[in-house]
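Coordinate-derived values only; no laboratory data. Only a predicted model underlies this, so the values are computations on that prediction, with no experimental measurement involved. Virtual Cβ from ideal backbone geometry, glycine too; neighbours counted across all protein chains shown.
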Amino acid sequence: MGNTVVLTPDNLSELREALKQAAPNSKILAGGTDLVLAMHENRCSPDLIIDLSGVKELKYVRLEDGHLHIGAVTTFTQIKENEFVRKHALCLTEAAALIGSNQIRNAGTIGGNIGNASPAGDTIPVLMALEARIRVMDSLGQVEEKDVDELIVGSGKTSLKCDQVITEVIIPVLGDDYRSTFVKLGSRRAVTISKLNIALVVKYNHVLNTISDVRVGLGAIGVKAFRDRRVEEILNGQQADDHLAQVLAEELSMTVQKAIPGRYSLPYKKEAIKGLAHDAWANLS
Amino acid sequence: MSKGFKYVGNTFPCSDAARKVTGDLLYGTDMKLPHLLHAKLLLSSIPHGIVKRIDTSRAEKVPGVIKIFSHLNAPDKMFNSFRIIPGQELCIEDEPLFSRRVKYVGDRVAAVAATSLAAAREAAALIDVEYEELPALLTTEEALSNKEVKIQPGGNLAHEYEVDVGEVPFKAEECITVESETQTQRTHHGALEPHVCLAYYDCSGKLTVWTPTQGVFGVRTVLAEFFGLSYSKVRVIKIPMGGSFGGKQEFLFEPLTAFMAMETKRPVKLLLDREECIIHTRVRPAVKTKIKTVVTKSGKLQEFTADSTLDAGAFSGSAPDYTSSLALKVTKLYRIPHYKHTGRAVYTNTVKSGGARGWAAPEIITATEVHMDQVARKLKMDPVEFRLQNLVHPYDLDLVLNLSVGDARVIECLERGAEAFHWKERYNQGMGRGRYRRGIGAACGAHKNGMYGGFVDCTSMVMKMNEDGSFNLNASLHDVGCGTVTAMGIIAAEVLDVDPNLITVTEADTELTGYDPGCYGSRVIYNVGACAKETAEKLKEKILECAAFILHKPKEYLIIENGSVFVKGTEYLSLTYKEIAEKTLQENYTDLSAAHTYYSPSNPGSYSVQFAEVEVDTETGLTRVTDFLAVGDVGRAINRGMVEGQFQGAVQMGIGYALCEEVKIDEQGKPVNNSFKKYHLVNAPDMPDVQVLLIEHEGDDGPFGAKSVGEISAVPTAAAVINAVNHALGTSLSDMPLTPEKLLAAVKNR
Ligand SMILES: Cc1cc2nc3c(=O)[nH]c(=O)nc-3n(C[C@H](O)[C@H](O)[C@H](O)COP(=O)(O)OP(=O)(O)OC[C@H]3O[C@@H](n4cnc5c(N)ncnc54)[C@H](O)[C@@H]3O)c2cc1C
């Protein structure tokens, strides 16, 4: 640990230069709320650290051509307080507000949440439900865009190459007829890692009282968050009434049972997700 | 403000508050000594086995490593971390510096001393240990039934006791019998400051140890006996402490740190991390208690029979004493014609049990109070009404200890608390039918005031007045963070009628301060505080004598007021303390100081009754405590804000005890929640507003009537919460903690 080199680029071009030195045992550092702990616990001991905290160009939220653009180094506090996000992707506002404590929200970043690829990461199912694209840059300045699902490949694993860095999250804004929410369940109300989390996005037809374009992101069930297409299909086009809330609850419970059969946590999670589903539903109306 | 007192009963910030908030106060972690070495432990990764081989060759290559210690180069000698006095009963010496046969995951295998903590850590991770695994007994059931595997040479039964007092009464009335079983769990103390210790053995042969301990003289005893040193050549200094809750009560790391200092001839600091604190130090023991009561149909307790099994962990330590204490609480709380309690401590291959806030009271009182609610339910009686019929009255005799319970005001606590909490209305309101169920619960608790009746309980102090009229109170205090130092200052200030800020109070240092067995056992305010009061009174007499001499008046004519001595009735003839001190020293060559030793004459009960309201989410199993009232029979609040703070903090711990805290050990014997990420304490968003109601009388021997508060405050909390949950759900849950998982299962099975 004594020989770690830390590079502190101030801007994107310095970042590209820094990335040229990156090797398999180097690490990107953003807020450090995951990485520094991992280093303290000897779970990871990088020989090179590229610190993004000085790259101001990666801290922003912009609304452009029907998309929210969020710089990778934007903190949860900035996201939770941003009016564009609240208006166009409420579920992300809610997720950001429920992450950790004030201290963690002031330091932790959205790029770090994705990069950390925890099965319980709170923004991950949200970004899936919002159909976000993740912009990635390498040491040559080449940029590509990926789905969250492509980027995260397993528990703590991403498909990023060592000289690649997440630069931006791009979210198609939800139209006025959309509603969205995020709910999580941990072992206490605040500063808690999710045992379950749900992001729910629906298009609501208030004339017919039906929902369509339903998107369900689920986290903390298995190694990686996912979209529950099966449940989405069941809900699409249905009457948005109490009965449907019940269907959502029961079907999500079914999903849990299929996702983690035999797991120690199954008996609890398959029941508790019903309550959480009702919470999510109540938030939509 | 209390009537008749100038300082007692007001609120004063802790004497070190400013230093704490500004970071100016130096803890063990911050302390630096010249040529200091840093030590890092290597702990066992298996629950039971023989250390076959320790290969330190890779570790020794780490630059900065000075020496690596293990059973290979340490004495075979054993110690007992609970020994306070030489020859103490029930103190089996069965803890080695390093284990050759490891007995739990987290047992000490080796330690590295290096010039930096980073080097010590790096080296510790490079030590290769080869084990020969032995079968591990992880539960008390397994340990008792398995006759082949012996965790300690004498077998797995660590200690047994039986108490049988009173007589089976003639039952004039029809009775019912109620049986229950309660399991309380292992918990971590959760002090913010991890364990730390510094030691230096100088070339004159003197050992100096700096430690955030609760008892310097006990540390000295253990060290002197272990190393064969003269008691006068062991100096133990109590340093600032970031919380203990009993976790730092035993003398865990002083022998090891001293050993490493003696071997390296350099000062050594041993600092633990959170994981080590959780898996290696001590835990509140898990206790299973079965209770059977016989009660008349009109609600009078006739017989109380209990059987408890305590998980001692891998060796003896304080477990025999702790276990026996399980039988010393219930008869302080209830009038029971016939009380019988059998119990045992059992060795298992798990983390060692040790002292924890309340010393057996939270364990046995939780079981008792959960049981009492079941009795009330069977009798179809309001649980408060039922308790009121059976609680002790002032000056009852505690049959087990054969001691008076003193001015026991538990009935008043319950009556006034029930009224303030609107118990009746709320209890009968019903718990709701929807997803969220509400319930309320009450529980009573009893604890003690010191060691009188069983153990050494005396303390010595010296107080002196300086030439400017300020004071120094030299006392062996061990402030664990609850404001002991401040409280002693307030007591002395009240006696001498001076601003408490003019009194500087010391903490313990075996070389400089008088004897005191230590700050635990709920003995501090009641006994040490009484000593402060009498010492100040002695000094006051001396001041008056000197003033009488200077003023040429009989002492009887003089009174003390506001830092001055007046002649009664003549306001102008007065002397300030400063004038008296100066004159006495310069003209009479007399030093104004008083030395005093105080022996505790009694051991009354302290009481608390607590009321909780909870809301249980029947879909997620999450429970929220939505309202809380803690009532305390504290005799007299010395520092009111701190007394209230003790209750508020205790409630935070008790809610965690009821609902979420547990050091869990998996089937492989590994502790699963070895960090605060996985070991959840109740945090601020989950805390209710805790109301505190203090009942104050002056019926006992404490200073101005004061009785203990730090431990009793934590005794009934968990039971109040559990009773509230059971009220909300119509259940009889008693397998702690009541996690969402258990609650959901209970809701489903109902
Ligand atoms: C007390 C506490 C509470 C927490 N509570 C929650 C919670 O409620 N919900 C939750 O989801 N998480 C929680 N976390 C985890 C953590 O805060 C989040 O995962 C956070 O988003 C991490 O962001 P960071 O900027 O701190 O990342 P860092 O720690 O700096 O990095 C995390 C990982 O991502 C990589 N990385 C960071 N930025 C980039 C980038 N731009 N491109 C590529 N890789 C990158 C790093 O190399 C590292 O592997 C908590 C953590 C703590 C300590």
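At a glance:
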{"read-out": "Listed residue pairs exceeding 30 Å between alpha carbons, taken from A:27/B:664; B:664/B:748; A:157/B:677; B:67/B:248; B:206/B:533; B:297/B:332", "value": "A:27/B:664; B:206/B:533"}
{"read-out": "Exposed-loop-free span, longest in chain B, where chymotrypsin sites (Phe, Trp or Tyr not before Pro) count as exposed if DSSP calls them loop and at most 11 other C-beta atoms lie within 10 Å", "value": "B:171-588"}
{"read-out": "Global form of chain A, assessed from the alpha-carbon gyration tensor, a/c cut-off 1.5", "value": "prolate"}
{"read-out": "Among A:121, A:262, A:141: highest mean-square fluctuation, GNM of chain A, C-alpha pairs under 10 Å", "value": "A:262"}
{"read-out": "Under 5 Å, built H, 5+ apart or other chain: amide partners of residue B:134", "value": "B:48, B:49, B:50"}
{"read-out": "Per-residue ³J(HN,Hα) for segment A:50-57, Karplus 6.51 cos²θ - 1.76 cosθ + 1.60, θ = phi - 60°, Hz, x for Gly and Pro", "value": "10, 8, 8, 5, x, 7, 4, 4"}
{"read-out": "Selection of trypsin sites (Lys or Arg not before Pro), segment B:365-407, meeting DSSP coil and at most 16 other Cβ within 10 Å", "value": "B:380"}
{"read-out": "Theoretical FRET efficiency, 1/(1+(r/R0)^6), r = Cβ-Cβ of residue A:161 and residue B:141, R0 51 Å, to 0.05", "value": "0.40"}
{"read-out": "Environment charge at residue B:11 (Cβ cut-off 12 Å; Lys +1, Arg +1, Asp -1, Glu -1)", "value": "0"}
{"read-out": "Residue-wise HN-Hα coupling along segment B:667-679, computed from phi with Karplus coefficients 6.51, -1.76, 1.60 (Hz; x: Gly, Pro)", "value": "5, 8, x, 8, x, 8, 10, 9, 8, 6, 5, 9, 9"}
{"read-out": "For the protein assembly as shown, share of DSSP beta bridges that run antiparallel, in % to the nearest 5", "value": "80 percent"}
{"read-out": "Anisotropy class of segment B:568-686 from Cα gyration tensor, a/c 1.5 cut", "value": "prolate"}
{"read-out": "Amide hydrogen neighbours beyond the local backbone of residue A:147, cut-off 5 Å, H modeled", "value": "A:134"}
{"read-out": "Cβ-placed point charges (K, R +1; D, E -1), dipole of chain B about Cα centre in debye, nearest 20", "value": "1180 debye"}
{"read-out": "With Cα atoms, 0 to 90° folded angle of helix A:242-259 axis to chain A main axis", "value": "50 degrees"}
{"read-out": "Loop-located trypsin sites (Lys or Arg not before Pro) in segment B:403-485, at most 12 other Cβ atoms within 10 Å (DSSP)", "value": "B:433"}
{"read-out": "At R0 = 56 Å, FRET efficiency that the Cβ-Cβ distance of residue A:265 and residue B:512 yields, to 0.05", "value": "0.50"}
{"read-out": "Shape call, segment A:5-53: gyration tensor on alpha carbons, a/c limit 1.5", "value": "oblate"}
{"read-out": "Environment charge of residue B:24, counting only residues whose C-beta is closer than 13 Å and scoring Lys/Arg +1, Asp/Glu -1", "value": "0"}
{"read-out": "Karplus-derived HN-Hα couplings along segment B:738-750 (A = 6.51, B = -1.76, C = 1.60, θ = phi - 60°), whole Hz, x at Gly and Pro", "value": "7, 6, x, 4, 5, 5, 4, 4, 5, 5, 5, 7, 6"}
{"read-out": "10 °C / 1.306 mPa s Stokes-Einstein diffusion coefficient of segment A:167-208, Kirkwood radius on C-alpha pairs, µm²/s", "value": "123 µm²/s"}
{"read-out": "Of all DSSP beta bridges in chain B, antiparallel share, percent nearest 5", "value": "80 percent"}
{"read-out": "For the protein assembly as shown, convex hull of alpha carbons as volume per residue, Å³", "value": "202 Å³"}
{"read-out": "Value at 222 nm in deg cm²/dmol, rounded to 500, when DSSP H runs of n ≥ 4 in chain B each add -39,500 (n - 2.57)", "value": "-8000 deg cm²/dmol"}
{"read-out": "Amide hydrogen neighbours beyond the local backbone of residue B:163, cut-off 5 Å, H modeled", "value": "B:341, B:342"}
{"read-out": "Cβ neighbours within 10 Å from other chains - mean over A:270-276", "value": "5"}
